[in-house]
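Let me begin by presenting the structure, written as structure tokens, before commenting on it.
The values are calculated or read from the model by the stated rules, or taken from the named source; none is laboratory data. Predicted, not measured: the structure shown is a model, and the values here were computed from it. Don't worry about glycine lacking a Cβ; one is built from the backbone with ideal geometry, like all the others, and counts go over all protein chains shown.
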Amino acid sequence: MALNVKRPNGTQDVVPNEAYKWHTVESVVRDSAAQFGFKEIRIPTFEETGLFVRSVGDTTDVVQKEMYTVSSSGDKTYTLRPEGTAGTIRAVIENGILNEGLPQKVFYLLSCFRHEKAQKGRLREFHQFGCEMLGSASPAADAEMIALVHIIMQRLGLRNIELNLNSIGCPECRAKYREALKAYFEPHRAELCPTCQERLEKNPLRLLDCKSAEDQAIAKDAPLITDYLCEECSAHFEGLKKNLAIMGIEYTVNPRIVRGLDYYTRTVFEFISSDIGSQGTVCGGGRYDGLIETLGGKPTPALGFAMGLERILLTLESQGCEFIEEKTCDLYLASMGDKAAEKAVEIASRMREEGFFVEYDLVGRGLKAQMKYADKIKAKYVVVIGDSELESGTAKLKNMASGEQTDISLGDGLLDDFGAQYYEMMLSTDEEFRSFVESFGDGQGE
Ligand SMILES: [Zn+2]
Ligand SMILES: [Zn+2]
């Protein structure tokens, strides 16, 4: 019978054999964030709709077209988070985290939901890793965030990634820039797409990242924000560049980057991959000094970034990068007959208590099929238990890689016997294990 329920458009399953790729990326981002002093925050999957309208901005595509909103009883509506920052800031304010000493540094790993046209690299449910730093206005903080992304890219082994940098100023210098943009686009009003005609009044900055080719052509000669920065914003941008130079991080100033969301001030940046075409932004972020106040907190400078994990994985795969392989079974217990099967259960439970990864037959296969299965799951060792092994209390332990066989006790000596074999095998095959052992001198404890 065919399954008549299918995975929703724009969603993905991560099948068990692919999960190790996600684990690789997740462990790199977690460990790197921890090194910079970031701690994890976990927030609800949905929030009151007003949170996103106020923070992301009511003129953005995200809020106007892409949110999954449901109404509950009463007049409240809730929305599945379209990004991670708004909910994180809400939680930081609500839990009084800003009173615990500044700066506060938090990271999140979560899924986001946007009702977008499904296409390659654009999903309706997608996953993000993001960091937020709250309470520092210094350009050193901006450089620190970029440095964190930079080291993550390096550790993942991503190539052909370019850092694009811009400052979009403070509300003061942006007001002047807004006027200049309006004056520039006004003569072209009739040629603009309907959305941009509307944006021209409310938020002309958004015209710069319109996806329509006609509008992009018109925007080509538009004035640049970098020519409108006030003294403080200029000094901040220079401070950031100086810190990046100290850290040896290369960048390109790209005055076309404005970021899609309304809450950004001053620094905006994108890490762009040249390997996955027009969807090439693998990480974007910037400063949002006004956001905490907008959401009802006391005025606090803040900044952050978010990284699309699906895009990172696509890029890693297209570049043939290596992932950390998942652990495989240490010992498979093959058995013949009911008594032997019971022995396998007993041995497995003893060995698991000692931390070994052990499996045995659960589907009633014959011996040959059990051996095939052990091979398929890449078991390092196999023991075959039958009547004669039960009687003698010893069995052959087979190293599946070398084919070598040794006798081991099925009684009290089992763990010592297996442990000795396992130790030898790890010494000869696992470099990390060997250098760990070598750090203790001769390693054999003799
Ligand atoms: Zn300014
Ligand atoms: Zn447009």
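Can you say whether residue 256 is touching a helix residue (DSSP H, G or I) at 6+ places or on another chain (Cβ under 8 Å), outside the structural domain of residue 164 (by TED's automatic domain parsing) and either of a type in the set (Lys, Arg) or modelled with pLDDT of 95 or more (or both), as far as the supplied structure shows?
The answer is no for residue 256.
Kindly indicate whether residue 20 is assigned to a strand (DSSP E or B), under 22 Å from residue 125 (Cβ atoms) and among the hydroxyl-bearing types (Ser, Thr, Tyr).
No, not satisfied.
Any idea which of 190, 235, 217 is more than 35 Å from the chain's Cα centre (by Cα), among the small types (Gly, Ala, Ser) and not assigned by TED's automatic domain parsing to the domain that holds residue 307?
None of the others qualify; the one that does is 190.
Residues of the stretch 186-232 being more than 18 Å from residue 57 (Cα to Cα), more than 11 Å from ligand 2 (Cβ to nearest atom) and either of a type in the set (S, T, N, Q) or outside any helix (DSSP H, G or I) (or both), which ones?
The answer is 220, 221, 222, 223, 224, 226, 228, 229, 230.
How do the strands (runs of 3 or more DSSP E) wholly within the stretch 339-446 filter down when requiring 2 or more residues that are of a type outside the set (A, V, I, L, M, F, W, C): which remain?
Qualifying strands (runs of 3 or more DSSP E): 358-360, 394-399, 405-409.
With the requirement that a residue be of a type in the set (Val, Ile, Thr) and assigned to a loop (DSSP other than H, G, I, E, B), what does the stretch 289-317 give you?
300
Determine whether residue 155 is at negative phi, in the same structural domain as residue 212 (by TED's automatic domain parsing) and more than 16 Å from ligand 1 (Cβ to nearest atom).
No: the conditions fail for residue 155.
Take the stretch 210-229 and flag every residue that is under 17 Å from residue 253 (Cβ atoms) and of a type in the set (D, E, K, R).
Answer for the stretch 210-229, where residues must be under 17 Å from residue 253 (Cβ atoms) and of a type in the set (D, E, K, R): just 227.
When only residues in the stretch 202-228 that are out of contact with any helix residue (DSSP H, G or I) (no Cβ under 6 Å at 6 or more places or on another chain), without any contact (Cβ under 8 Å) to a residue 40 or more places away in the chain and not aliphatic (A, V, I, L, M) count, which is farthest from ligand 1 (Cβ to nearest atom)?
Residue satisfying both the conditions and the ranking: 214.
Give the residues of the stretch 64-91 that are without any contact (Cβ under 8 Å) to a residue 12 or more places away in the chain and part of a helix (DSSP H, G or I), sorted by residue number.
The answer is 64, and nothing else.
Looking only at the stretch 25-63, count every residue that is outside any helix (DSSP H, G or I) and under 28 Å from residue 317 (Cα atoms) and tell me the total.
So the count comes out to 3.
Just checking, does the stretch 229-245 include any residue being buried (at least 22 other Cβ atoms within 10 Å of the Cβ), over 22 Å from residue 133 (Cα atoms), within 16 Å of ligand 1 (Cβ to nearest atom) and not small (Gly, Ala, Ser)?
Scanning the stretch 229-245 turns up at least one residue that is buried (at least 22 other Cβ atoms within 10 Å of the Cβ), over 22 Å from residue 133 (Cα atoms), within 16 Å of ligand 1 (Cβ to nearest atom) and not small (Gly, Ala, Ser).
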